[in-house]
Amino acid sequence: MTSGDEGGHRRRRSHSVLTGAALRTAEFLVLALLLMVDFELGTGLMPTAPSTDDIAGAMATALVALVAAVLTLMRRQIPVRVSVAGAFALSLTASVVSLSIGSLTLSLTETAALIVLTVIGVRGESSARGAVIVGASALVVTLAAVLLRIGADITVILLGLLVWGCAITGGVAARYVQKRRERAMDDHRRAERMELARELHDVVAHQVSGIVVQAQAAIIVARNDPDQVSESLSSIESAGIEALTGMRRMVGAIREEADRGEPLTVPYGLADIPTLVDRFDPGRERTTLRLENGHSPMPPGVGETGYRVVREALTNVRRHAPEGNTQVSVSVVDVALVLDISNDGVRARPAAPGSRGFGLMGMEERVTALGGEMRAGAAGADSWNVRVTLPLGPR
């Protein structure tokens, strides 16, 4: 890896760290603001001559609010279940204790923390049963806080149920989006594996077919001395036919039913990259290509994967930076094929930290299957870089 690549990787990592830090800081500031509002409201509602119970209730309310805020902020450092269960248990305990103290109230900070943790708890549970348990627990905590701290007022009860319903709706919606994305990711990875399997089938079938043909020809030539040659060549022929049949059976078994009648994919390689670049940018006014050893033989799947990496990268450039300049570099370094695609002119758009498109996931799946490595991310304010290394030797 060159020093420029290392610098770009450090910049991308720094950008991700800064984004995460900014989000955590915003959460901290919001909760701190709510704590200040709670303090002002508590001070304003405090009697002129507060009793011991009033002071104890105010201190207990502030303590519960502070601990709930800390649990919310610490949900990334500790398991989400621990944060959710801790906040729910704290709130429920505070509601029960309020029966004896009598002046412990429900703060804005505690309410906000419970809403956030309910949404996160429902979304993050791996099973529907777990999500239902979180929702039911949140309902118990909500009703206990309303009935034991505020009173059995129908308006307050309905308001509490409304807040609980909004939190559950937000959690269910977030859970649906997350599960849908996970299913789409799984489907895309499966499709990518299937395509890679068909491509490897093409390569292996071609090689094994050649072995069979050579063995058959050798048998004919060696008929003059069958005792010394025919037996071994017959074994080669049998092994080749068996390997070819087994490969076809394996690919046929993993294909979907609707895909069984489709023809095998047309193989591409590094030599096809110039044509691909010309289709992307006729005249190459905004694209620079540096291709080394484009016609050199590559291990099975490597040339095809290199071609598809460049194609996916150029597709993303067309989608996100159509007016930018692109540099495509394909070279052999030591015993690895290195592809480096960089472009500028990336349009600014909001994105969640760590989010990646299905195309990038498919590329990474294919590269990893061949024992390679891939990095993709921002290389600057308006630039993007994809770097892939594919081994050419045995793994």
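So, in segment 274-329, exactly how many residues are farther than 16 Å from residue 385 by Cβ, of a type in the set (A, V, I, L, M, F, W, C) and within 25 Å of the chain's Cα centre (by Cα)? Selection size over segment 274-329: 1. Scanning segment 134-182 for residues that are surrounded by 14 or more Cβ atoms within 10 Å (Cβ to Cβ) and within 27 Å of the chain's Cα centre (by Cα) turns up 134, 135, 167, 168, 170, 171, 172, 174, 175. Against the criterion of being modelled with pLDDT under 80 and among the small types (Gly, Ala, Ser), residue 357 qualifies.
For every residue, the table says whether it meets (1) of a type in the set (A, V, I, L, M); (2) touching a residue at least 40 places away in the same chain (Cβ under 8 Å); (3) in contact with a Leu (Cβ under 9 Å, 6 or more places away or on another chain).
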| residue | (1), (2), (3) |
| --- | --- |
| 119 | yes, yes, no |
| 127 | no, no, no |
| 157 | yes, no, yes |
| 171 | no, yes, no |
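Of all the numbered requirements in (1) loosely packed, with under 15 Cβ neighbours inside 10 Å; (2) over 28 Å from the mean Cα position of the chain (by Cα); (3) at pLDDT 65 or above, residue 81 misses one, and that requirement is (2).
The values are calculated or read from the model by the stated rules, or taken from the named source; none is laboratory data. Just so you know, these numbers come straight off a predicted model, no measurement behind them. For neighbour counting, all protein chains shown are included, and Cβ atoms are generated from backbone atoms with ideal geometry for every residue, glycine included.
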